[in-house]
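Take a look at the structure set out below.
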4 protein chains.
Amino acid sequence: MQNSGTLTTRRTAPKEQREQQLIDAAMQIIAEHGLSGTTTALLTRQAGLSAGIINLHFGNKDKLLEATLASLVQEHRARWMASLAAVPDEPAERLWALMEAHFAPEICTPTKIAVWFAFFGESGHRATYRHISENFDLERSDFMDECCTRLVAESGKAALDPERVSHLIESTADGLWLDMLLYPEEMDVDNARDQMRTLLHHFFPRHFEMPANPIYP
Amino acid sequence: MQNSGTLTTRRTAPKEQREQQLIDAAMQIIAEHGLSGTTTALLTRQAGLSAGIINLHFGNKDKLLEATLASLVQEHRARWMASLAAVPDEPAERLWALMEAHFAPEICTPTKIAVWFAFFGESGHRATYRHISENFDLERSDFMDECCTRLVAESGKAALDPERVSHLIESTADGLWLDMLLYPEEMDVDNARDQMRTLLHHFFPRHFEMPANPIYP
Amino acid sequence: MQNSGTLTTRRTAPKEQREQQLIDAAMQIIAEHGLSGTTTALLTRQAGLSAGIINLHFGNKDKLLEATLASLVQEHRARWMASLAAVPDEPAERLWALMEAHFAPEICTPTKIAVWFAFFGESGHRATYRHISENFDLERSDFMDECCTRLVAESGKAALDPERVSHLIESTADGLWLDMLLYPEEMDVDNARDQMRTLLHHFFPRHFEMPANPIYP
Amino acid sequence: MQNSGTLTTRRTAPKEQREQQLIDAAMQIIAEHGLSGTTTALLTRQAGLSAGIINLHFGNKDKLLEATLASLVQEHRARWMASLAAVPDEPAERLWALMEAHFAPEICTPTKIAVWFAFFGESGHRATYRHISENFDLERSDFMDECCTRLVAESGKAALDPERVSHLIESTADGLWLDMLLYPEEMDVDNARDQMRTLLHHFFPRHFEMPANPIYP
DNA sequence: CATGAATGAGTCTTCATTCAT
DNA sequence: AATGAATGAAGACTCATTCAT
């Protein structure tokens, strides 16, 4: 009488939808109010749902917060994989695919960056938060190392330590994110991408050209 | 862990000393528990003082937090000025003085970095926090621009946009801080300084040598 | 003393009922402990409810206090209207209807009088409190003026200023309330009503007889 | 060496002066902030003295408050006695002397009235407060009774119960005070005195004339 | 006598969580 | 599956009082 078809599908679908609804709300609220200002009342109101809903679907608030971070990680990784799938197996192209994902407009919204840094700010004492992004960070790090190793080899620059360069590129990318967080007026995704390209050009001039528009806003 | 057993037993202490005592406690607690886990009870216990003390000296908890960030900014700036005073008026030396301050062991303690990022994580919605560090950031930015302008001129590299390079260096420095926060095992001040030197060598090979120890841990 | 054992056990009650429950508790506690001794703990314990309930229904303690005064005003006015509805359109009867309401046993309980004066005692600096009763006071004042004007006209006492008499009657009524507050042993509603009748007889002997029981307790 | 003259006088005088200073401050603060808003910080700041001073001179805050009420009572009584000393032994004159004291400008300042009612508002549960004014009230009540008894006798109005009239006059006087508290714009001492005279004229036309200015503001 | 820094019990308020509906 | 009234532990803040100076 309830539902005559596949029971599981019907039951599962709404559940996932509710969870996503809450995660979306969490992104918004964390960005607006910080992790310390994120209350269940704010979350459920933003989601347009009732007070008990978080505990119903996630057990408690912290789990929702973790799911939010996980969702961010997941989305970022998916975007990267999509970029990667679209390019040939050339180290420069592969590396740039990562950068494109890293500074993709839908990845780098002010809201999402704010949420990332909100979690970073707590990750010192919240091992959970660090664990969630750890695998992703590792995977990305290895990927960068591999790209740089190949690029260094192709460049014939023996003096260049691939891992060091790799790390430097990553750090700069992260630093540009911080800029987008703190000074959104001055730093946007296009600007950041140009910055990255400038850096890459200096390390691997044969593989990366300077950005087209050299005029700084 | 409580209080370092100096002369806190004195019922009356100079106002400045009490305030510093509370700011020190705040650093510790914010680093350990995050901004959202920083309670007045934790703070006063850490300081070895009574519940009402925060209100007495700072009006309320938020003011203490702001004073903590301000203290961090102040200390950083003072360290930079000290480095600067010790070098001749050469752009490369001046720039490196800034880097030395930025990655000085007493500036870059795990505790202090954690506190910085705790505030960054909330700065999206807390204009107050951003305002406190704004002037300092601006001053540093201008200083970097000036150094890079001179370095570019001396290098004869017409293609290099000084402001862009300047920004890139800053972003990388910030990114390295994030690394020290998230992966303290892998990134320490010495490593970070070497990274910075590698970057600077690539932009200005005539002014900056590659770091001495090219072996990556 | 706690709760009168009706259906407070119900976890959920109509909003109005909970609010009344809290207002009733407030009356009791204010009368017993004064406005300055009225704590949320006392209030919620008296109501037999939990600590958070005041915030849930009134936002904060002050709002509950204001609602308590408003309830007092409302009740008094309703009682007066009821009395008024029961008498013909004769000024003496109408005026006496007001007095009857003013000294009705359910209006003049020691508890309620104590609450009134608790608010009067703070009304000097709390504009809110005065505002709440202001309209009611004005309405009553106008009503009294009208009654007295008609009574003076009917009495043919040209020398009598209706407004002055009206004011005097009101002031006396208020003074009797103060007596009931300060000396409940000596002044009760019956006594007060007789006092009022004595006063009215002196101003309008044709309309008001001396009270039946001339013996003073 | 300290002081060569009468030791006691010198020591006592400043103490009384400090106490009066604090009582004056209390009047002001209670009138402005109500009893519930009267904090020691406010009191000592108003007095221009240090935090510990109240405990030093009065033991605790409550004692100062009681002393403040006592001072009010004392002043009122003294004013009455002064008025009384200036009139012949005629009941009408004696009664009017009381009224003149009751509505004397220095007795009926907005501040003092506010303080009186602040204490009335708490007197329901604070026996101490009631006790302080009790003797004075009793004395005044007896005095009024006596005056009225003589006035009734002189008037030849057998129907008039002296005690009832006496009480009524007192109640009205109190009611006028409440008016001065709640509606200071409409009721001042002159107006109140005229009201009282109107009332007295109605009870004892041979002894009290109607007030000179019959026009109501 | 007088000060005022410090205390800490007591208040109000917040908010994650529960649970009857 | 969802609601939202109610809870109550935990939080920030107040303020009368103490006590070393």
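Since every read-out is calculated from the coordinates, none of them should be taken as a lab result. On a predicted model such as this, the values are computed, not experimentally measured, just so you know. In this analysis, Cβ positions are derived from the backbone assuming ideal geometry, glycine residues included, and neighbour counts consider all displayed protein chains.
Across identical copies of the chain, D:Ala85 has label-point separations of 6.0, 7.6, 10.6 nm, listed in ascending order, with the point defined 7 angstrom from Cα along Cα→Cβ. Using a/c under 1.5 as the rounded threshold, could you call the range C:1-136 rounded, prolate or oblate? The axes a ≥ b ≥ c are square roots of the C-alpha gyration tensor eigenvalues, and prolate needs a/b larger than b/c, oblate otherwise. Prolate is the answer for the range C:1-136, as a/c is 1.5 or above and a/b outweighs b/c. For A:Thr40 and A:Glu186, FRET efficiency with R0 = 35 Å and r from the beta-carbon atoms, rounded to 0.05? My answer for the efficiency is 0.50.
The convex hull around the C-alpha trace of the range D:59-204, projected and averaged over every direction, spans 9.3 square nanometres. Taking Cβ atoms as reference points and 13 Å as the exclusive limit, the residues near B:Gly34 contribute a net charge of -2, counting Lys and Arg as +1 and Asp and Glu as -1. Here the calculated FRET efficiency for A:Asp142 and B:Gln17, from their Cβ-Cβ distance with R0 = 60 Å, stands at 0.75, rounded to the nearest 0.05.
For the protein assembly as shown, what ratio Rg/Rh do Cα atoms give with a Kirkwood hydrodynamic radius?
Radius of gyration over Kirkwood radius for the protein assembly as shown works out to 1.17.
With each label modelled as a point 7 angstrom along the Cα→C-beta vector, the D:Ala82-B:Asp89 pair spans 8.0 nm.
Could you let me know the centre-to-centre spacing of the range C:93-153 and the range A:165-217, using Cα atoms, in angstrom? A separation of 76 Å, based on Cα centres.
For peptide A:76-87, the mean count of partner chain Cβ atoms within 10 Å of a residue's Cβ comes to 0. So which GluC sites (Glu not before Pro) in the range C:78-162 are both in a DSSP loop and have at most 15 other Cβ atoms within 10 Å of their Cβ? Passing sites in the range C:78-162 are C:Glu106. Once you order the gyration tensor axes a ≥ b ≥ c over the Cα atoms, which shape class does the range B:121-217 get: rounded for a/c under 1.5, otherwise prolate or oblate by comparing a/b with b/c? The shape class here is oblate. Springs between Cα atoms under 10 Å define the GNM used for chain B, and in it the highest mean-square fluctuation of B:Ala127, B:Ala31, B:Ala78 occurs at B:Ala127. Membrane-span-like helices in chain C, defined here as complete DSSP H runs extending at least 24 Å along the helix axis by their C-alpha atoms with mean Kyte-Doolittle hydropathy no lower than -0.5, are C:61-85, C:162-182; this is a sequence and geometry rule, not a statement about a membrane.
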